[in-house]
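Here's the structure we're looking at; comments come further down.
The values are calculated or read from the model by the stated rules, or taken from the named source; none is laboratory data. All figures in this text were calculated on a predicted structure; none of them were measured in a lab. Note that each Cβ is placed from the backbone with ideal geometry, even for glycine, and that neighbours are counted across all protein chains shown.
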Amino acid sequence: MKVKNDPYAALRFKEFNIFLLIRFAMVFAWSMQFIIIEWEVYRITKSALSLGIIGLMEIIPAIGMALFAGHIVDQKEKKAMLIKCIIGFLFISTGLFFLTYPEFSSHFTKNTILYLIYFFVFVGGIVRSFLGPTIFSLLALIVPKKAYSNAATWSSSIWQVGTVIGPAVAGFAIHLIGVHWSMAIVIAFAIIGLIGLNFIDQKPILNPKIGEPVFDSLKEGVKFVFHNKTILGALTLDMAAVLFGGAVALLPIFALDILKVGPEGFGILRAAPAVGAILTMLFTAYVPVTKNAGMKLLVSIFLFGICIIVFGLSTVFWISLLALFFSGVVDGVSMVIRSTILQLKTPDSMRGRVASVNSIFVGSSNELGAFESGLTAKLMGTVPAVVFGGCMTLIIVLGMGTFMPSFRKLDLEKDIDAHQNS
């Protein structure tokens with residue numbers, strides 16, 4: 001018998017609410033820091049390729065460390081792992097705080113400052129390779145399986161709230177107090193996340209193969225993902241969209257040189273997709289999108305590609321803003337469906353490794369997409385690069401929809417009903 005949907009199911013668990021606070025604090029801090037880095041790099045270099053290199057510097061360690069990080073996360077207690085991740089982030093933020101202090105940075109050349117920023121971004125890629133699998137694994141230990149779908153929706157919503165407020169605050173903070181003191185805000189929110197972990201208990205390690213040889217563990221994780229067609233299809237589709245739809249990496253150029261709206265407009269444009277995604281996710285907490293999930297995922301990413309094309313062609317601020325907003329609306333659907341697929345289809349003992357493979361497919365494609373956007377902008381111009389990315393997204397969605405009929409027919413209702421009745 002189908003259980004009535006409870007939009008607040010996950011919120012009825014105290015630790016999950018603390019988890020959301022920590023997730024918000026870290027996403028806010030990381031999003032704000034990334035915008036500050038983008039702004040500072042473009043201010044120093046005035047180069048689209050330099051913006052793209054930011055993504056490249058993060059993707060190298062993200063891909064290189066991802067599978068190893070997943071193995072470690074599956075072998076270790078999750079709360080302790082998250083503490084280490086936040087401390088690593090604080091090291092990066094503190095370094096950038098001093099690097100952007102005028103009296104300190106005046107001792108270095110612009111190239112040296114640029115290389116140091118890239119170094120901190122590189123270290124951030126290592127931290128992120130552990131942070132994603134740890135968050136994914138911890139979530140599953142805080143709420144019961146019957147609340148996984150609802151927890152994924154709220155967790156994704158909070159992630160988007162952080163990505164809305166972080167860039168918006170970054171844009172206004174850079175304008176009002178400068179880059180240096182904006183980094184102080186980043187540090188403060190990371191400390192809030194660290195304090196919040198005191199209110200979450202240690203969790204059991206559910207992996208029965210503690211001490212398993214690392215290569216055997218990695219092989220098992222990769223094999224599981226590539227044999228599970230549902231997970232593989234969702235990750236591939238989302239990776240393609242993020243890779244070729246990475247227009248946000250070029251937003252400083254649009255804000256300064258095409259739309260001419262300055263740092264305030266940059267912050268607003270950067271936040272627009274997340275605003276749309278938040279509204280979508282709040283809606284899906286009440287009206288789940290898990291029925292006919294495969295077709296909804298295909299349609300949402302197809303519409304995402306169209307929004308990116310419109311944004312690339314627009315020279316009017318409000319049209320660009322609406323295009324980014326609606327790209328967030330449809331991306332919100334994609335994110336909820338993908339998060340639900342991963343939570344429902346992944347065994348507890350393999351969550352770290354599956355999340356690591358996910359970070360290679362999707363998380364790292366954000367950075368690779370940033371590099372792709374910067375490189376294509378260098379080769380063919382900013383506007384053609386964005387339009388090209390949107391068109392490639394449409395082609396890939398049409399191809400997957402045509403050649404993967406089983407994915408088109410994917411429906412998650414039975415999985416959710418089984419967990420709710422268990």
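Annotations
- Given (1) buried (at least 21 other Cβ atoms within 10 Å of the Cβ); (2) of a type outside the set (S, T, N, Q); (3) modelled with pLDDT under 85, number of the condition Pro288 does not satisfy: (1)
- Filter result (in contact (Cβ under 8 Å) with a residue 40 or more places away in the chain, not β-branched (Val, Ile, Thr) and not in a helix (DSSP H, G or I)) within region 236-278: Gly245, Gly246, Leu259
- Those residues of region 270-288 which are more than 14 Å from Ser31 (Cβ to Cβ) and in contact with a Leu (Cβ under 8 Å, 6 or more places away or on another chain), in sequence order: Gly276
- Scope region 165-186; condition surrounded by fewer than 24 Cβ atoms within 10 Å (Cβ to Cβ) and either within 17 Å of Val329 (Cα to Cα) or touching a Gly at 6+ places or on another chain (Cβ under 7 Å) (or both); matching residues: Ile165, Ala168, Phe172
- Of all residues in region 255-271, those that are more than 22 Å from Pro384 (Cβ to Cβ) and touching a Ser or Thr at 6+ places or on another chain (Cβ under 8 Å) total 1.
- Of all residues making up region 62-106, the number that are modelled with pLDDT of 85 or more and more than 13 Å from Ser356 (Cβ to Cβ): 24
Residue-wise test of (1) out of contact with any Leu (no Cβ under 8 Å at 6 or more places or on another chain); (2) outside any helix (DSSP H, G or I); (3) under 30 Å from Asp201 (Cα atoms).
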site	(1), (2), (3)
Leu21	yes, no, yes
Ile35	yes, no, no
Ile44	no, no, no
Leu51	no, no, no
Met57	yes, no, no
Ala62	yes, no, yes
Ser93	yes, no, yes
Phe97	yes, no, no
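- Considering residues of region 49-95 that are over 20 Å from the mean Cα position of the chain (by Cα), of a type outside the set (Phe, Trp, Tyr) and closer than 24 Å to Val186 by Cβ only, the residue surrounded by the most Cβ atoms within 10 Å (Cβ to Cβ): Ser50
- Residue count for region 197-215 under the criterion of being in a helix (DSSP H, G or I) and either at pLDDT below 80 or surrounded by 22 or more Cβ atoms within 10 Å (Cβ to Cβ) (or both): the result is 2.
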